[in-house]
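Structure first, commentary second.
Read-outs: derived from the displayed coordinates by stated rules, not from any lab. The shown structure was predicted, so the numbers you read here are calculated from the model rather than taken from an experiment. Note that we place each Cβ from the backbone using ideal geometry, even for glycine, and neighbour counts take in every protein chain shown.
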Amino acid sequence: MARMPSVKTSAKIASAADPYKKLGAAKLFKVHELMVRARLLEERFIKMSKGGDGFFWIGGPGEEAFNACLGLQVKKGRGVDHDFLHLHYRSAAVVLAMGARPVDALRQMRSVAADPHSKGRNFVNHYAIPELNVVPMSPTIETQYATSIGTGIAQARAKTDAITIVNGGDAGTAEGDFHSCLVWANRPALPLPILIIVVNNGWGISTETASQHGERNISDWAKAFPGMPGRTVDGNDVAESWAALEEAFAYVRQNRKPYLLEARCSRLYGHSSSSGANRIPEPDCIALLEAELLERGLAKAADFRKAWEREAAALDAAHKTAKTEPFPEGETVWEDVFADGLPPSYPTRGGS
Ligand SMILES: Cc1ncc(C[n+]2csc(CCOP(=O)(O)OP(=O)(O)O)c2C)c(N)n1
Ligand SMILES: [Mg+2]
């Protein structure tokens, strides 16, 4: 499903239209740094899940190129005048690119009380960041496409250029929530400014995408709605991802209408810790980016080495912090269940 490393002709690279040269070394270094940060974080989670320093792991190694480019293009902030994000469990690089801290993700992985996303209650990579409009994530797949309609309506009614962004996987698009999102976003009475993203990694756990999808591309669902753009891109390629996201963001921001973007990405450690979380020989977007930069003389191998070492040292320090922190007290499980606290009649003991 994901592409093999491309062999570019030197003429193409030398051209002024070369998408990597157009992006420029500074931006590409920033994207590379975020991709490395996300990869090291995910690999640390996997190690933690195997070593008893955390429980279940699920995450996004293989999606760093597309997701770092996505996170960097978000209009960040809180409230209806900033972009809202309804994400799924492979989105670490999105929130890291928006400024989220690895230490907080490590706290969630260890289920310690200091986890700001869920107070140690949710799975790893289930972010909730009010100050960045990252709405609480759910491990039930695809429900985010239904909740995204709500912030989409609020932003369609408000005088703002902010938009709603939703992402999820290919298998989940078989569920009704994805189609509800398409239908609601395209109502002629009130079109919604939603950037609808599907990351197609070729799998739904252990079921191959090709065996389940009669449509050629998932982005072809856009064809049911006259005028709705739908596009499929190579999510392993930084330049292609950046340009596609730039176009999609601009379209939704300006036209206040939806856009369906499908990114084909690798799934480098399989589905989750439940399937072993061992490395799979699929194309690696970080290795591909490094090759593109070297080929153009935009970076040296030593630049990459420094970035990997710097990020690894920062991650070690963050992990050390999270390791010293206590787990939540049992009684705190009742906090934040209801906005106004627990009603006195609520049964806190006994089974159903
Ligand atoms: C509503 C619901 N049904 C089933 C599951 C079990 N489940 C977890 S992940 C997954 C596969 C999702 O595949 P895809 O949408 O392609 O996303 P990917 O994991 O490949 O990124 C399933 C079926 C779930 N979490 N929620
Ligand atoms: Mg999938």
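Amide hydrogen proximity for Arg279: with H placed 1.01 Å from N in the peptide plane, no residue at 5 or more positions away or on another chain lies under 5 Å.
Using the Cα gyration tensor of the range 6-126, with a ≥ b ≥ c the square roots of its eigenvalues, what is the shape: rounded (a/c below 1.5), prolate (a/b larger than b/c) or oblate (neither)? Could you put the intermediate results ahead of the total?
Numbers: a/c = 3.12, a/b = 1.71, b/c = 1.82.
Oblate, since a/c reaches 1.5 and b/c is not below a/b.
Considering only the other residues whose Cβ falls under 9 Å of the Cβ of Leu192, what net charge follows from Lys and Arg at +1 and Asp and Glu at -1? Write down the numbers at each step before the final one.
Numbers: positive: Arg187, Arg256, Lys257; negative: none.
Once positives and negatives cancel, what remains is +3.
Around Lys119, what is the net charge, scoring Lys/Arg as +1 and Asp/Glu as -1 over all other residues with Cβ under 9 Å from its Cβ? Here the charged neighbours net out to -2. Cα centroid separation, the range 150-213 to the range 239-267: 12 Å. Here the Gaussian network model covers the chain, with springs between Cα atoms less than 10 Å apart; of Asp340, Asp220, Asp284, Asp340 fluctuates the most. Compare Glu64, Glu292, Glu262 in a GNM of the chain, Cα atoms joined below 10 Å, and give the one with the largest fluctuation. Looking only at Glu64, Glu292, Glu262, the biggest GNM fluctuation is shown by Glu292. Here the range 214-352 is treated as an ellipsoid with the same Cα gyration tensor; its semi-axes, largest first and in whole Å, are 39, 30, 17. Say we join alpha carbon atoms closer than 10 Å with springs in a Gaussian network model of the chain; which of Gly176, Gly270, Gly152 then has the biggest fluctuation? Top of the fluctuation ranking is Gly176. Counted over all Cα-Cα pairs of the range 84-215, pairs farther apart than 25 Å make up 31 percent.
Taking only DSSP H segments of four or more residues, each worth -39500 (n - 2.57), what value at 222 nm results for the chain once the sum is divided by all its residues, to the nearest 500 deg cm²/dmol? Mean residue ellipticity, 222 nm, calculated: -12500 deg cm²/dmol. Taken along its principal axes, the alpha carbon cloud of the chain reaches lengths of 73, 53, 41 Å, longest axis first.
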